1. Keeping all protein chains in position, work out how much accessible area Glu80 exposes to a 1.4 Å probe, and write it in Å² to the nearest 10.
2. Run the numbers for Ala297 and Lys79: contour at 0.36 nm per residue of separation, minus the present Cα-Cα distance, in nm.
3. From the cross-link list Lys76/Lys259; Lys127/Lys258; Lys76/Lys258; Lys76/Lys417; Lys123/Lys164, which pairs have alpha carbons spaced over 31 Å apart?
4. Could you give the length gained on full extension between Ser367 and Val394, defined as 0.36 nm per residue of separation minus the Cα-Cα distance, in nm?
5. At a 1.4 Å probe radius, carbon and sulfur cover how many percent of the accessible area of the stretch 83-148?
6. Starting from the amide H of Phe279, placed 1.01 Å from N in the peptide plane, find each other amide H under 5 Å away whose residue is 5 or more places distant or on another chain.
Amino acid sequence: LNDGEMARTGWIAVVGCLLTTLALRTAGENKNSSGTFNLPADVMVDMTAEKLSKLPRVFAYELDHKYQQDTFEAAKDEKEKINLIFGDEFKLNVSLNDGCNETLFGRNSHQYSLGQIFRYKMKHYPKLVTSPEEADLFYVPYYRVDCPFYGRAEPCTNPTELVKQLPHLNDETAQRHFVVNPRTPDCSCLKTFKYTPGTLEERHGGLSDNSASDLLRSMNKLSLEDVQSSYADSPNPANTYSIPYPSLASGLTMNQIKKLMHVVQTRHSSRKYRVAAFFGPHGMKANLRKTLMLQCANASDCLSTPITLADQDVNTETLGKPKITSDQIAQAYLSSTFCLQPPGDSPSRKGLVDSIVLGCIPVTFDSLQTRLWPWHIPEWNDVAIHLPVDKWLVDTMRILRSIPEDRIKIMRENLAKVTWALAHVHHESDADDDVAEGLNESQHWDAFEVALSHLWSTIRAGRENRKETHLGWTFRFLDYK
């Protein structure tokens with residue numbers, strides 16, 4: 001090409017990128033009547049009136065701040081409050097299939113921030129009621145971020161003291177009360193809900209002969225893991241259900257999430273690396289992690305940066321500036337087809353939800369991981385690759401290289417279907433189209449709504465409907481044998 005032809009080609013490329021960016025920002029391809037961005041129908045979860053009716057009316061207790069561990073109430077303005085709750089916002093630069101670049105957003109969400117996220121979301125929940133007589137569920141905002149059994153942590157609240165703060169808790173309503181534990185059950189005050197001598201008649205005005213701990217034990221607990229998905233020696237209080245970590249999409253607006261999904265699932269170019277492995281050699285499965293790290297280090301198509309214990313809580317200021325940040329991990333996930341997610345101190349990992357949101361197919365190594373969060377991920381076999389011990393000991397990289405592209409395409413479609421259920425949407429203001437009408441006009445269930453809907457459904461059924469989902473998505477079956 002001569003200089004003139006090269007110049008024309010360059011201008012054509014620039015114009016093409018500008019048109020692509022304009023299409024993404026104005027949603028010209030899929031614009032609804034309100035002008036907001038819509039995904040293609042096959043990656044949307046339609047919220048019909050019937051499904052909306054499955055969301056319960058909730059009464060939320062107002063407890064003293066000593067029963068929570070968060071600081072967002074002291075924020076100077078709304079922006080600071082959102083940053084304290086969901087983490088600071090960061091940018092992701094993504095190369096599109098046409099050679100152009102696009103900027104996406106994520107949140108540096110702390111892995112143990114579910115307690116404050118639920119409390120904030122509940123304040124804006126459109127089916128929140130002020131009368132306990134109208135309530136289907138009762139929300140108890142009692143949680144803590146630190147582990148009460150490590151170091152100099154404050155002791156757990158005395159069960160009797162907590163029950164005194166809950167005037168509507170009794171034998172008949174206990175199973176409609178729930179708390180959110182932002183950690184795993186083995187590192188929370190939930191396991192202190194045990195029987196203590198004495199009766200409520202002595203301590204709480206004679207509601208019944210049950211002890212305070214008996215009533216608390218009867219409440220429902222939403223936690224990162226439950227009895228089906230945690231190690232056998234982990235204490236799991238009765239009526240505990242697992243819900244996922246907050247993903248990096250939590251705290252984004254609906255349009256930011258839609259744009260993220262659209263770019264990740266339909267416009268992101270071929271991923272440079274076959275595998276990403278971001279973890280350190282610690283926990284009960286340290287040997288597994290060391291083996292995977294060695295296999296990755298010997299493979300040119302595996303991207304890995306070992307993470308030390310001090311690097312894990314990338315949003316924890318007390319640990320100092322981390323060697324690797326959330327946006328760096330996100331960029332690695334965006335650049336990889338598969339993301340290794342071995343268990344550490346427990347089967348669950350925040351990386352599981354972040355990799356799904358970024359279209360990187362998670363690879364699990366413990367059967368307990370495939371039992372996590374059934375309300376939000378109905379069938380793990382359709383969104384993840386599971387490698388039992390006899391597989392990863394041989395050659396994890398060789399197995400992942402052998403998976404054909406058509407299966408990868410199907411699995412990535414399935415990842416898109418659960419992405420909404422792994423994000424806690426932030427509505428910027430009541431002017432947002434999806435907030436003005438409450439939830440009636442929303443076409444998506446977020447992680448908060450999925451948890452409330454399934455909890456209420458489970459309570460009404462009187463049994464654990466752990467494999468039932470009424471959110472309307474279906475997965476294409478894959479056989480990995």
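The values are calculated or read from the model by the stated rules, or taken from the named source; none is laboratory data. Keep in mind that this is a model prediction, so the values were computed, not measured. Accessible surface is based on the protein model in full, side chains and every heavy atom, while ligands, DNA and RNA are left aside. Shrake-Rupley method; radii C 1.70, N 1.55, O 1.52, S 1.80 Å.
1. Using a 1.4 Å probe on the heavy atoms, I get roughly 60 Å².
2. So the chain would gain 74.4 nm between Ala297 and Lys79.
3. Beyond 31 Å: Lys76/Lys417.
4. Gain on extension, Ser367 to Val394, equals 7.9 nm.
5. The C+S portion of the solvent-accessible surface of the stretch 83-148 is 44 percent.
6. Thr305, Ile307
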